[in-house]
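Here is the structure we will look at.
No lab work stands behind these numbers, since they all come straight from the coordinates. Because the structure is a prediction, the values reported are computed rather than measured. Here the Cβ positions follow ideal geometry from the backbone for every residue, glycine too, while neighbour counts run over all protein chains shown.
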């Protein structure tokens with residue numbers, strides 16, 4: 001049984017990248033792989049319990065000072081020597097750097113890391129990737145936009161770069177009318193149009209533009225925000241200033257994204273940039289039409305006018321116009337958009353086909369690693385024979 005170790009900064013706060021790694025880990029386990037999830041910090045919370053229930057082991061390195069904590073490096077190297085995984089697959093920058101440099105001290109036949117955002121970061125992040133890129137066997141990107149941004153920045157070479165998108169378990173997100181009715185009842189909704197926004201309350205998600213757009217919509221428009229972050233108080237004050245505090249609800253972090261998406265009539269994403277947003281894949285699988293900003297990554301999911309509408313990034317009027325366009329569509333029209341989105345997400349991002357691609361990549365790289373090892377052993381043996389031959 002082959003062993004894959006998935007390395008991630010943490011699972012205490014769940015975002016799109018974290019949800020994707022959990023799907024990958026559980027999917028590989030169902031296919032017969034031994035799978036371990038290694039977090040740099042945190043306890044993993046409910047996510048760790050969910051993984052263990054699915055047969056995926058969870059380990060935290062309990063790092064408290066980021067990559068500057070030497071205990072984390074020591075713990076990971078000890079773990080690698082003890083468990084001997086065949087593949088180490090890291091997600092997000094800190095996990096990628098830790099996994100890469102650990103190859104110098106521990107046996108790792110294959111190291112892969114995945115880029116989840118088109119944002120290439122500041123100089124420090126770029127230097128981190130450039131200095132360690134020789135240690136990775138392959139770098140994957142969740143979207144064409146993400147791949148191109150990092151290639152253009154010199155952070156990864158074209159030969160090692162592969163676009164391999166996120167996957168979604170479509171069956172787990174299919175529409176359920178009973179769940180929708182119960183969730184709307186819990187929110188006290190009748191005929192109001194409910195928008196759902198999912199994502200951490202940070203600058204990249206541009207919630208201020210979303211709140212300003214909401215203020216320009218009819219009062220029937222309600223907004224439910226799932227996520228937590230440092231901008232919560234600022235956004236709550238802004239909602240009061242805009243006079244929409246009675247129409248927006250900050251639910252905080254919720255593990256029940258599916259439940260609240262069933263309740264929604266549309267999903268909205270106002271991000272400044274994205275990689276390949278999981279919430280839009282989940283919306284498509286759930287048959288929900290979407291409105292999103294026209295940014296790299298997002299436009300690879302949303303077909304403007306077919307599966308939803310795209311608006312100019314940072315433009316509240318443009319976002320409000322796109323949202324109103326969806327709200328004014330007939331129920332049958334919105335359903336048709338949702339069904340088309342569902343079929344496209346299934347075709348392009350269905351989890352089983354994505355898992356097929358991951359298994360194929362793992363197998364290819366493992367075969368390559370074994371070939372290199374056989375060649376190295378042959379060369380060493382040949383060299384020893386030459387040394388022992390009489391002159």
In Å and on Cα atoms, what radius of gyration and Dmax does segment 11-75 show? 12.3, 36
Just the Cα atoms of segment 122-211, one point each, no solvent: what log10 I(q)/I(0) does Debye give at q = 0.11, 0.12, 0.23 Å⁻¹? -0.60, -0.67, -1.18
How long are the semi-axes of the ellipsoid equivalent to segment 170-349, from square roots of 5 times the Cα gyration tensor eigenvalues, in whole Å, largest first? 22, 19, 16
Report Rg (one decimal) and Dmax (nearest whole number) for segment 196-258, counting Cα atoms only, units Å. 10.9, 31
Segment 170-349, relative contact order in percent, only Cα pairs under 8 angstrom and at least six apart counted: 24 percent
Normalised contact order of the chain, rounded percent, pairs of Cα under 8 Å and 6 or more residues apart: 14 percent
What percent do you get for the relative contact order of segment 125-267 when only Cα pairs under 8 Å and 6+ apart count? 24 percent
For the pair residue 1/residue 81, report the inter-label distance in nm, with labels modelled 7 Å from Cα in the Cβ direction. 2.5 nm
Just the C-alpha atoms of segment 3-167: what Rg/Rh do they give, with Rh taken as the Kirkwood radius? 0.94
As an exercise, use a Förster radius of 22 Å and the Cβ-Cβ distance of residue 329 and residue 249 to find the FRET efficiency, rounded to the nearest 0.05. 0.40
